[in-house]
1. Could you tell me whether segment 763-770 includes any residue that is charged (D, E, K, R) and closer than 30 Å to Arg24 by Cβ?
2. Run Glu504 past the list (1) closer than 22 Å to Asp696 by Cβ; (2) surrounded by fewer than 16 Cβ atoms within 10 Å (Cβ to Cβ); (3) of a type in the set (D, E, K, R) and report the number of the one that doesn't hold.
3. Out of the residues in segment 330-352 meeting the condition of being of a type in the set (S, T, N, Q) and in a helix (DSSP H, G or I), tell me which one is surrounded by the most Cβ atoms within 10 Å (Cβ to Cβ).
4. Taking segment 514-538 as the search range and keeping residues that are surrounded by fewer than 14 Cβ atoms within 10 Å (Cβ to Cβ) and without any contact (Cβ under 8 Å) to a residue 40 or more places away in the chain, which one is nearest to Thr671 (Cα to Cα)?
5. Can you tell me which residues in segment 568-586 are under 44 Å from the mean Cα position of the chain (by Cα) and either of a type in the set (A, V, I, L, M) or not in a strand (DSSP E or B) (or both)?
6. Residues Lys590, Lys565: which one is more than 42 Å from the chain's Cα centre (by Cα), of a type outside the set (Val, Ile, Thr) and surrounded by fewer than 20 Cβ atoms within 10 Å (Cβ to Cβ)?
7. Would you mind stating whether Ala347 is of a type in the set (A, V, I, L, M) and over 23 Å from Arg865 (Cβ atoms)?
8. Looking at segment 813-833 only, could you name the residues that are more than 16 Å from Ile326 (Cα to Cα) and not polar (S, T, N, Q)?
Amino acid sequence: MLAAGDAPSTSSPALEAAADEDGRVFLVQHRWWKEAQEGAGIDVHGVPYAVAPSGPTSYSQRMFSLIMSDYTATFVLHRADDLALQPDAPAKAGARSYALVAADLFDKARSWHLDSLKSNGKNLFLTEEASVNIYPLMLRVSVTRGTNALTVKISKKDNSAENFKRANKILVSDLDPVHIWDFSGRTTFILMNEWNRIPQDPRSSDQEMPLEIQFYDISEPTANGATGKKDELALTMGSSALSNGSIMDMDLDSSGGICKQVGSGLIGLDNLGNTCFMNSAVQCLAHTSKLVDYFLGDYHKEINPHNPLGLKGELAYSFGDLLRKIWAIDGTSFPPRQFKARLARFAPQFNGFNQHDSQELLAFLLDGLHEDLNRVKRKPYSEAKDADGRPDEEVADEYWGNHLARNDSIIVDTCQGQYKSTLVCPLCKKVSITFDPFMYLSLPLPSSATTTRTMTVTVFSTDGTTGPCPYTVNVSQSGYTKTLIDVLSNACSLRDDERLLVAEVYNGSLLRYLEEPSEVISLIRDGDRLVAYRLPKDSEDAAIVVFKNERMESSLSSFGRKSWKNFGTPLVSNLPDTINGRTIYDLFLKLLTPFRALKDDTRDVDQITGKSSSVNGTSDIDMSSDAAECSSTNNNAGEDDIMTEGGMEFFLNSERFPNPRMKIEMDQTITVSNSKKRLLVTVSWQDNGLKQYNFDSLDSLPEVFKTVLFARRPQETCSLYACLEAFIKEEPLGPEDMWYCPGCKEHRQASKKLDLWRLPEILIIHLKRFSYSRYTKNKLDTFVDFPIHDLDLSGYIRDKSRQMSNHYQLYAVSNHYGGMGGGHYTAYVYHEGKKKWYDFDDRCVQGLEKEDTIKTSAAYVLFYRRVQGDSSLDTETTVVSDSTT
């Protein structure tokens with residue numbers, strides 16, 4: 001998937017495919033693609049590239065360089081047009097030649113190969129389907145300035161360790177040249193984007209664009225140590241994961257009977273195409289001892305096929321079968337197709353091969369299993385009663401009893417807890433207390449990226465003493481306009497006798513004024529441009545004048561004909577009680593002082609502004625309508641006498657009647673009688689007037705926040721206990737989550753506080769790394785220091801009457817590597833029998849030498865189990881040489 005955008009529309013079928021609804025691109029072996037292209041009649045041309053490593057050229061030197069560096073491999077792709085003139089070039093390149101194809105072309109090629117196998121009488125399940133994996137690879141691509149060469153970077157920060165190794169194996173070679181043929185149009189898009197950018201910003205550095213490709217691996221040996229023939233699509237070998245007979249010989253009842261023989265559980269799951277999120281979540285649950293004992297036992301007796309909220313038992317059967325295959329003796333990795341198909345049947349959001357969230361899948365899976373295994377056949381009706389001053393223990397037990405009367409399953413027994421929710425009305429002080437069940441805890445990360453927002457505002461003087469100056473401040477994410485103004489006032493050293501008028505600038509006009517103190521700053525987008533004008537505080541009720549600039553420009557839409565266009569940033573000043581044309585001119589000339597490029601013009605004021613009769617035939621102008629910004633063009637442009645030799649003319653504008661405009665004469669009296677007390681004046685400039693000033697600072701206002709691709713931020717850290725503190729902290733509800741107060745009979749912005757009341761046997765903690773606002777999405781890479789051997793929650797439990805341990809041990813972690821646009825999921829699991837942690841990366845299962853390895857900034861979902869007293873996990877780590885089982 002190309003995160004930076006789709007390819008531009010051209011007549012090329014490849015580029016049209018690149019802009020298809022499915023924006024993924026696949027990296028496949030060129031020979032495999034060439035066979036399908038000829039057999040299926042796919043008429044599309046590719047662009048050949050030769051791949052060369054940047055830096056050491058030998059494989060050993062390259063690997064050593066990677067170890068000593070920050071785990072970022074860099075390659076250069078040079079155009080190799082001579083290959084296109086050699087029909088047998090791909091054959092000569094052999095297994096070192098690859099093709100980059102769009103999703104729809106990949107589907108056509110894959111379908112052709114499968115049809116060919118079928119027509120030859122081959123068993124599809126035991127050939128291509130059983131020995132192929134798809135791995136996502138995140139790349140960063142930039143254009144080498146002035147050439148057709150592309151620089152490709154592969155970072156271990158963006159990819160899992162296993163996928164990082166795969167990418168280097170593809171692109172690094174000591175013997176054979178490595179070629180990549182682009183049939184997707186992605187490289188053309190990147191080159192065109194750079195060429196279009198260079199004339200606009202010649203000073204900018206090479207811009208990196210994120211590019212996610214799906215590596216269609218048909219050459220890797222079968223997982224967990226088995227060997228296989230490389231580089232053959234029709235892998236007709238009978239040693240695939242499900243064809244070696246090991247599982248078939250098991251005493252295994254797929255309908256839910258008792259499984260008498262159990263293996264190690266160290267079995268990988270093949271990636272079916274962006275299904276790493278599912279594999280990660282499943283491996284964590286598949287190593288939850290309570291669930292393993294249950295599903296390896298006679299669980300079918302508790303299937304509830306008549307539950308309207310369930311999946312007729314099919315999800316439970318499918319998960320039970322999957323778990324038994326994972327725990328089979330002498331089993332090898334296998335593709336969990338049946339489970340995924342069953343899951344997608346009842347949850348269409350998991351259909352297809354798009355990337356999803358492991359926590360979202362986990363939430364659905366646990367809820368679906370619960371309903372399939374719910375022991376309650378007929379759910380009684382129960383109504384929650386208000387606390388009415390009763391003891392919390394009594395109310396909590398009542399809520400919990402009502403919950404168990406309708407929900408009773410192995411999932412409830414194992415994974416569900418209860419928390420206390422307290423809402424307080426800010427006006428009538430009405431208190432509402434409820435006790436709700438939870439399946440997992442979603443903890444916020446107390447990171448500066450979630451608590452604060454960096455904003456840049458340009459401050460202008462209104463007396464002409466200083467030029468514009470941008471200030472960058474940090475404001476609370478949940479702050480208001482008043483919060484921003486207060487912080488900005490301190491940053492710009494606002495005097496006690498001054499105030500700030502904040503506005504948004506768009507197309508040379510003030511689009512809106514931020515005058516409502518309670519307006520949330522989340523409505524301000526990062527790409528907006530804000531200005532603040534320093535005005536006298538004692539003149540809050542006085543009128544102001546807003547000067548908007550325009551000049552003659554030609555446009556392509558009008559076939560080169562010139563018209564008036566806005567430019568720069570409006571300037572603002574206070575107005576005295578008596579106003580005429582000369583007052584307007586003097587005020588504007590004063591505001592221009594910081595922008596003067598030449599000495600003051602000594603010509604007469606009347607010559608500069610021009611003198612002519614009033615437009616409406618009177619010497620007084622009354623602006624009785626609301627003055628605001630108007631249209632950026634003047635339909636009357638082009639007349640020879642519209643401007644004079646002096647350089648500028650002044651016109652009054654009204655929001656309601658932008659045209660015709662009223663020209664200001666020197667001796668005219670102007671009255672401001674609108675309710676907002678704002679006078680909008682358009683200044684029309686001639687070229688000779690513009691030469692006297694430097695308006696660069698008015699033409700290049702900074703954005704509120706400039707997003708930099710792959711900008712390195714300082715690594716933030718916090719403890720898991722800090723996340724718990726943030727979870728139980730009292731805070732006001734957002735404007736979009738107003739609470740209906742039964743006392744006031746109205747929706748109120750109440751304060752809310754959560755407290756843990758009772759904890760489950762298995763505690764699942766979800767770290768909220770992904771944040772969403774109205775305009776932005778973000779992933780937090782905060783390093784969370786979580787306990788492994790003793791998570792002590794005794795101080796967080798409000799119910800002190802229950803004699804149960806509140807100590808927990810970590811046994812599994814679901815990890816997410818990468819960013820918002822894509823990434824990869826893996827899992828760390830503690831094996832109780834081997835007293836060791838293992839890394840589950842799809843089909844690959846590898847032992848970890850050091851326990852602390854599991855603590856990374858990729859930790860996303862933590863799985864804890866309750867323990868009694870001291871740590872029950874063996875802290876001893878064993879160094880082993882085997883990487884798979």
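1. First, pick out the residues of segment 763-770 that are charged (D, E, K, R): 768-769.
Then keep just the ones that are closer than 30 Å to Arg24 by Cβ; that gives 768-769.
Scanning segment 763-770 turns up at least one residue that is charged (D, E, K, R) and closer than 30 Å to Arg24 by Cβ.
2. (2)
3. Residues of segment 330-352 of a type in the set (S, T, N, Q): 332-333, 338, 349, 351.
Those still in the list that are in a helix (DSSP H, G or I) too: 338, 349.
Values: Gln338: 14, Gln349: 12.
Filtering segment 330-352 for residues that are of a type in the set (S, T, N, Q) and in a helix (DSSP H, G or I), the one surrounded by the most Cβ atoms within 10 Å (Cβ to Cβ) comes out as Gln338.
4. Looking only at segment 514-538, we keep the residues that are surrounded by fewer than 14 Cβ atoms within 10 Å (Cβ to Cβ), and these are 515-518, 523, 527, 537-538.
Now drop any that are not without any contact (Cβ under 8 Å) to a residue 40 or more places away in the chain, which leaves 515-518.
Details: Glu515: 24, Glu516: 27, Pro517: 29, Ser518: 32 Å.
Checking each candidate, the answer is Glu515.
5. Of everything in segment 568-586, those that are under 44 Å from the mean Cα position of the chain (by Cα) and either of a type in the set (A, V, I, L, M) or not in a strand (DSSP E or B) (or both) turn out to be Leu571, Val572.
6. Numbers: Lys565 fails: more than 42 Å from the chain's Cα centre (by Cα).
Exactly one residue qualifies, and that residue is Lys590.
7. Details: of a type in the set (A, V, I, L, M): yes; over 23 Å from Arg865 (Cβ atoms): yes.
Spelling it out, Ala347 is indeed of a type in the set (A, V, I, L, M) and over 23 Å from Arg865 (Cβ atoms).
8. Listed by number, the residues that qualify are Val813, His816, Tyr817, Gly818, Gly819, Met820, Gly821, Gly822, Gly823, His824, Tyr825.
The values are calculated or read from the model by the stated rules, or taken from the named source; none is laboratory data. The shown structure was predicted, so the numbers you read here are calculated from the model rather than taken from an experiment. Reconstructed Cβ throughout: ideal geometry from the backbone, glycine too, with neighbour counts over all protein chains shown. Only protein heavy atoms, including side chains, enter the accessible area calculation; ligands, DNA and RNA are left aside. Shrake-Rupley method; radii C 1.70, N 1.55, O 1.52, S 1.80 Å.
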